[in-house]
Amino acid sequence: VQLQASGGGLVQAGGSLRLSCAASRSIFSIENMGWYRQAPGKQREFVARIHSGGSTTYADSMKGRVTISRDNAKNIGYLQMNSLKPEDTAVYYCTANTPTTSFPAYWGQGTQVTVSS
């Protein structure tokens, strides 16, 4: 599975961004799609994921400010981020797994999100 993340950029604190993750194969073969992020000097951390059945999981730090979704017809997953804070600045990575692998198994190249104060 190849994943292509996009949608990052520079935004002011309080602003919003929507990240996209395009999958190389039918999204129906993907069990979970999700996002991790890595800030400079910090470990990569979980942000959110969505199961093929629609159930979602969010990191406590992002809960209430992000919504993960998937468009099965377009093989794309989305991460809508609102009320962004400077501490949300990081490279955001799209991830996925298939039923025969454990999450996260596949990684996209990352997209930079920078939130200015």
Selection within region 57-74 - closer than 19 Å to SER20 by Cβ, surrounded by fewer than 19 Cβ atoms within 10 Å (Cβ to Cβ) and over 11 Å from the mean Cα position of the chain (by Cα): ARG65, ASP71, ASN72, ALA73, LYS74
Selection count where residues are more than 13 Å from TRP107 (Cβ to Cβ) and open to solvent by 60 Å² or more (accessible area, probe 1.4 Å), scope region 36-48: 5
Restricting to region 22-35, and then to whatever is closer than 15 Å to ALA105 by Cα and outside any loop (DSSP other than H, G, I, E, B), can you tell me which residue is most open to solvent (accessible area, probe 1.4 Å)? SER29
Residues that are open to solvent by 40 Å² or more (accessible area, probe 1.4 Å) and either under 23 Å from SER29 (Cα atoms) or basic (Lys, Arg) (or both), drawn from region 106-116: TYR106, TRP107, GLN109
Qualifying residue in region 5-18 (condition: open to solvent by less than 50 Å² (accessible area, probe 1.4 Å), at pLDDT below 95, of a type in the set (A, V, I, L, M, F, W, C) and in contact with a strand residue (DSSP E or B) (Cβ under 7 Å, 6 or more places away or on another chain)): no
Suppose we keep only residues that are closer than 18 Å to GLN2 by Cβ and assigned to a loop (DSSP other than H, G, I, E, B) within region 77-101. Which one would you say is least open to solvent (accessible area, probe 1.4 Å)? THR98
Quick check on my filter: what residues within region 66-90 are in contact (Cβ under 8 Å) with a residue 60 or more places away in the chain and closer than 19 Å to GLN38 by Cβ? LEU79, MET81, LEU84, LYS85, PRO86
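The values are calculated or read from the model by the stated rules, or taken from the named source; none is laboratory data. Values in this document were obtained by computation on a predicted structure and should not be read as measured data. Neighbour counts run over all protein chains shown; Cβ positions are idealised from the backbone, glycine included. These accessible areas exclude ligands, DNA and RNA; they are computed on the full protein's heavy atoms, side chains included. Shrake-Rupley method; radii C 1.70, N 1.55, O 1.52, S 1.80 Å.
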